[in-house]
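Enquirer: So that we are looking at the same thing, I have put the structure below in C-alpha cells.
The values are calculated or read from the model by the stated rules, or taken from the named source; none is laboratory data. In this text the structure is predicted, and so the values were computed from the model without any measurement. Backbone-built Cβ (ideal geometry, glycine too); neighbour counts: all protein chains shown.
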Amino acid sequence: MKKLIYLLFFITTFSFSQNAFMEFQFEAKRGAQTAILALTDEFWGDAEFKSGGINIQAFNIGNEISTHRIVLYGDPANWGRSDSLSNEDKWAVFSHKLNNHIEKWTHSSSGNVISWVGDNDDYKYAQIYEFKASDPSAFKAAHDKLVSEMSPTLKGEIGFGSYAEFEAGVAKKTDKFNGTAETSMATYQIITGQDQGKYMRVMGNRDSSAFDEDNTAELAYWGKHVMPYVESNDGNIRWWRMKGFSQNWDNDLPPARFVKMTTYTIKRGKMSDFLRFWRNNTKLQKELGYSGITGLFMLVSGGESQQLLEVEPYNSHAEGMGEMTNPDVNYVEEYNKMHGWRTHRNDERAATAAIEELWGITVETAELNVEMSSKLK
C-alpha cells in the first residue's frame, strides 16, 4: 500500500518567560541615521504597546559588524502593539522603507531580564558587557548585593540579563539528538505578526514512519532542560507536502535564512476550487522557469482540517523569492494559452471565493536561529 504521507513538516511554536527582550542589529547605510530615526519615530513614537516597548540604539564603540540595533522588551506572551497601526499592510510599508536605509541585518538575539535597578530617562547612554557566567545563580546573587550597596549613590540604571537559558537548552538538545539529516531540526523565530517573538521548531525531511520511532529519551531531555524556561507552548502541528502543488523544493538544501508562511483556511466543499487554480499556476510557473521555492502543505493533525500552508524559503529580502525567466512575460495571457480562454479569470474568482472571508489568510515571516538548529556537514 502506498504511503499517503511521504514528507511531513512538523512544527512546534512556543515562547519563553516574561520580562524578556529581543534585539535586531544592523549596519546602516552611510548618513542614514537621521532618516532611520525619523522613520521609526513616525511609526513607533506614539505607539501603544500591550506590554514593554521599543528602543532604537546606536553603537559608538565595541561592535565591529553593527552600527545600530532595535530592542523590543516586555512580556513575550503579550507582545506587540495594541493600537490601530498594528496591521500587516502598514508594517509591510514601514519595513520596506526601513530596509532602504539599511546595508544589511547583522545579528539577532533574545533573552530574559534577570535584575534591573533604576528608571531614569535622563540618561541616554549605556555601557554593555557581554560574558558567559559559569554559575548564573551565584553571579545574580553577587550582582544584586553589589547593586544594593551602590543604590544610595547610583545615578541612571543598572541591569543584568541573560541570553536565555532557553536558547542554550535548545542548542544543547539539538546537538545531542538532532545531528543527522534524518533527525535534523531547524529553529526559527517569528519576526512579524501577532506571534512575533515566538520560536518555531521545524522537523522537515520526514516520512510517516518517523512518528513510529521511540523518542522517549529525547523528549525526557527536552522536558528537563528546555521546558522549565518555556512560558507557553502552542503544540505540535503535522503537515503533508503536496508534491504536485510545490516547485523547486529540495529536501537536501540547508534551511533558508528566512521563511514566509501563508496559511489559508478553505470553506468546506471548496477545496477543489482552490487547488485547481493553484495546480494550474504551478504548472505554468514551471513552464516559465520560475526560480523561487514554494511548498504547499495540507494539515494532517494539530489544527483546523481545512487549512493549507504555503512555505516560501529565501535568503535575502533584497534578492527576493524568485522570478520568471522572462520577467516581462504577460502571465495572464500565458495562463489562458495553457489552460483555455478566460480560465485565469474564472479560476482566480473561484479560488478567492473558496477562502474564508474574515480569517482565511494569515501571513507570517520567520528568521533562522543557526545556533539552535542542526549543524550538518
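Enquirer: Can you pull out every residue in region 254-277 that is free of Cβ contacts under 8 Å to residues at least 60 places away in the same chain and at negative phi? Before the answer, list the steps.
Expert: Within region 254-277, the subset free of Cβ contacts under 8 Å to residues at least 60 places away in the same chain is 268-269, 272, 275.
Result: ARG268, SER272, LEU275.
Enquirer: Out of region 206-249, which residues are part of a loop (DSSP other than H, G, I, E, B) and touching a residue at least 40 places away in the same chain (Cβ under 8 Å)? Even if it seems obvious, please write down each step before you answer.
Expert: Step one: list which residues in region 206-249 are part of a loop (DSSP other than H, G, I, E, B), which gives 207, 213-215, 226, 242, 246, 248-249.
Those that are part of a loop (DSSP other than H, G, I, E, B) and touching a residue at least 40 places away in the same chain (Cβ under 8 Å): ASP207, VAL226, MET242, SER246, ASN248, TRP249.
Enquirer: Is it true that some residue in region 320-343 is within 23 Å of PHE258 (Cβ to Cβ) and outside any loop (DSSP other than H, G, I, E, B)?
Expert: Among the residues of region 320-343, not one is within 23 Å of PHE258 (Cβ to Cβ) and outside any loop (DSSP other than H, G, I, E, B), which makes the answer no.
Enquirer: Also: Among residues belonging to region 272-291 that are closer than 29 Å to ILE191 by Cα and among the polar types (S, T, N, Q), point out the one that is surrounded by the fewest Cβ atoms within 10 Å (Cβ to Cβ).
Expert: This residue is SER291.
Enquirer: Continuing with this model, one more query. Of all the residues that make up region 56-74, how many are part of a strand (DSSP E or B) and either touching a residue at least 24 places away in the same chain (Cβ under 8 Å) or crowded, with 16+ Cβ neighbours inside 10 Å (or both)?
Expert: Number of matching residues: 9.
Enquirer: Quick one: in region 310-319, which of the residues that are touching a residue at least 24 places away in the same chain (Cβ under 8 Å) and in a loop (DSSP other than H, G, I, E, B) is farthest from SER246 (Cα to Cα)?
Expert: Here the answer is ALA318.
Enquirer: Moving on. State the number of residues belonging to region 165-191 that are modelled with pLDDT of 85 or more and either of a type outside the set (D, E, K, R) or part of a strand (DSSP E or B) (or both).
Expert: 18
Enquirer: What's the number of the condition SER86 fails, among (1) of a type in the set (Gly, Ala, Ser); (2) surrounded by 11 or more Cβ atoms within 10 Å (Cβ to Cβ); (3) at pLDDT 70 or above?
Expert: Checking SER86 against (1) of a type in the set (Gly, Ala, Ser); (2) surrounded by 11 or more Cβ atoms within 10 Å (Cβ to Cβ); (3) at pLDDT 70 or above, the one that fails is (3).
Enquirer: Can you tell me which residue is farthest from the chain's Cα centre (by Cα) among those in region 321-376 that are among the hydroxyl-bearing types (Ser, Thr, Tyr) and buried (at least 16 other Cβ atoms within 10 Å of the Cβ)?
Expert: Out of the qualifying residues, it is THR343.
Enquirer: Another question about this same structure. Out of all the residues in region 31-52, is one or more hydrophobic (A, V, I, L, M, F, W, C), modelled with pLDDT of 80 or more and exposed (fewer than 13 other Cβ atoms within 10 Å of the Cβ)?
Expert: Yes - at least one qualifying residue is present in region 31-52.
Residue-wise test of (1) under 19 Å from the mean Cα position of the chain (by Cα); (2) surrounded by 15 or more Cβ atoms within 10 Å (Cβ to Cβ); (3) not basic (Lys, Arg).
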residue	(1), (2), (3)
ILE266	no, yes, yes
LYS270	no, yes, no
GLY295	yes, yes, yes
LEU309	yes, yes, yes
ASN315	yes, no, yes
GLU319	yes, no, yes
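Enquirer: Return the residues of region 144-158 that are part of a helix (DSSP H, G or I), modelled with pLDDT under 75 and surrounded by 13 or more Cβ atoms within 10 Å (Cβ to Cβ); say none if nothing qualifies.
Expert: VAL147 - this is the single residue of region 144-158 that is part of a helix (DSSP H, G or I), modelled with pLDDT under 75 and surrounded by 13 or more Cβ atoms within 10 Å (Cβ to Cβ).
Enquirer: If ASP250 satisfies every condition in (1) among the acidic types (Asp, Glu); (2) under 27 Å from ILE190 (Cα atoms); (3) at pLDDT 95 or above but one, which is the exception?
Expert: Of the numbered conditions (1) among the acidic types (Asp, Glu); (2) under 27 Å from ILE190 (Cα atoms); (3) at pLDDT 95 or above, the odd one out for ASP250 is (3).
Enquirer: Restrict the check to region 9-18 and report whether at least one residue is modelled with pLDDT under 60, within 30 Å of HIS225 (Cβ to Cβ) and part of a loop (DSSP other than H, G, I, E, B).
Expert: Yes: region 9-18 contains one or more residues that are modelled with pLDDT under 60, within 30 Å of HIS225 (Cβ to Cβ) and part of a loop (DSSP other than H, G, I, E, B).
Enquirer: Select, from ALA220, ALA210, the only residue that is hydrophobic (A, V, I, L, M, F, W, C), at pLDDT below 90 and out of contact with any Lys or Arg (no Cβ under 8 Å at 6 or more places or on another chain).
Expert: After applying the criteria, what remains is ALA210.
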